[in-house]
Amino acid sequence: MSMSNEDRPVTYGDVFSVSSELGSEIIAPEDAAIMQSAESIALGHVPGGGPASLMQSAASQNERIGVVATNDFAREHGVTVSQVEVGGTRVVSESVSGEVVAQYIYPSEAGGGGDDEERSARYPTTGVQEEAVTVGEALEAVALKPAGDKPIEQSDAAAIQAAEARATGRSEVVPGGVGTEAQRAASINAQTDDKTTLGDVLRDATSKLIDDKAVKKEDAEGVVGAEIRNTPDLATHPGGVAASITTASDLNKF
């Protein structure tokens, strides 16, 4: 019996004009979350109707019909969001596994760099580079995504505290820091209907850190561990703190 369009999993080829190899891959929720993180870090927001938004819609449809991808294709093969400024206009390119899935233009931000100045979410692959994504930037990226509207829970607070410890090199919680603020919000949220969200706490995360550093693989592993230890299903939240730190680590490639 043939499968109806409603029951068929949505692949990259259904959404983007790509090669058959990429086109046959099913779009998973984790793929969409990774692209959201990359857009947030590189562009400062998640464009409506952009690749991440389209991938999220596709992943949601796949979840509704009970389709689960066997691998996180975007994490394994990489995503890139880059922008180059040409004649006062920003040209944005977004890629999955090295294939461009979207290119679009919009007016350059005031005060931007000159012609041909490029900022990319695919950072240098060796050493602690000036443009590498920092812990603070990865935390702020959470506030820019849909996950920023999520009320803070204990798992979020634990992940934020772990990220802060990685950034500052201190094992103890920093008084008045972003970890302390997150823990206080989680405790209050458990007792009230007026919830503090991840966005409320992480919007200016960098300014709340007494020190910062480029995210490395071991940092991501520590944050993931802290988040899953405080969730009943031992899973991270899609697009949340651990996911954003992990994406930053993948982009930094060290």
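The values are calculated or read from the model by the stated rules, or taken from the named source; none is laboratory data. Note that the coordinates shown come from a computational prediction; the quantities given were computed from them, not determined experimentally. Virtual Cβ from ideal backbone geometry, glycine too; neighbours counted across all protein chains shown. These area figures cover heavy atoms from the full protein model, side chains too; ligands, DNA and RNA do not enter into them. Shrake-Rupley method; radii C 1.70, N 1.55, O 1.52, S 1.80 Å.
If you add up the charges near Asn230, with Lys and Arg at +1 and Asp and Glu at -1, over every other residue whose beta carbon is less than 14 angstrom from its beta carbon, what do you get?
For residues surrounding Asn230, the net value is -3.
Measure off 7 Å from each Cα along the Cα-to-Cβ vector at Asp14 and Val100, then give the distance between these two points in nanometres to one decimal.
Here the modelled spin labels are 2.6 nm apart.
Report the extension gain between Thr192 and Glu218 in nm, rounded to one decimal, defined as 0.36 nm multiplied by the number of residues separating them, less their alpha carbon distance.
Working: separation 26, 0.36 × 26 = 9.36 nm, distance 3.54 nm.
Here the answer is 5.8 nm.
Residues with beta-carbon under 10 Å from that of Ile210, excluding Ile210: net charge, scoring Lys, Arg +1 and Asp, Glu -1?
Values: positive: Arg170, Lys208; negative: Glu164, Asp211, Asp212.
Every neighbour counted, the sum reads -1.
Please compute the alpha carbon radius of gyration of the stretch 178-249, then divide it by the globular-protein estimate 2.2 N^0.38 Å. Two decimals is fine.
It is 1.16.
Exceeding 18 Å between C-alpha atoms, which entries from my cross-link table qualify? They are Lys150/Lys253; Lys150/Lys208; Lys150/Lys216; Lys213/Lys253.
The pairs that break the limit, which is 18 Å between Cα atoms, are Lys150/Lys253; Lys150/Lys208; Lys150/Lys216.
Using just the Cα positions, wrap the stretch 130-254 in a convex hull and report its mean projected area in square nanometres, one decimal place.
7.0 nm²
What part of the accessible area of the stretch 191-235, given as a whole %, is carbon or sulfur when the probe is 1.4 angstrom? Before the final figure, lay out each step's value.
Numbers: 1200 of 2650 Å².
The computed percentage sits at 45.
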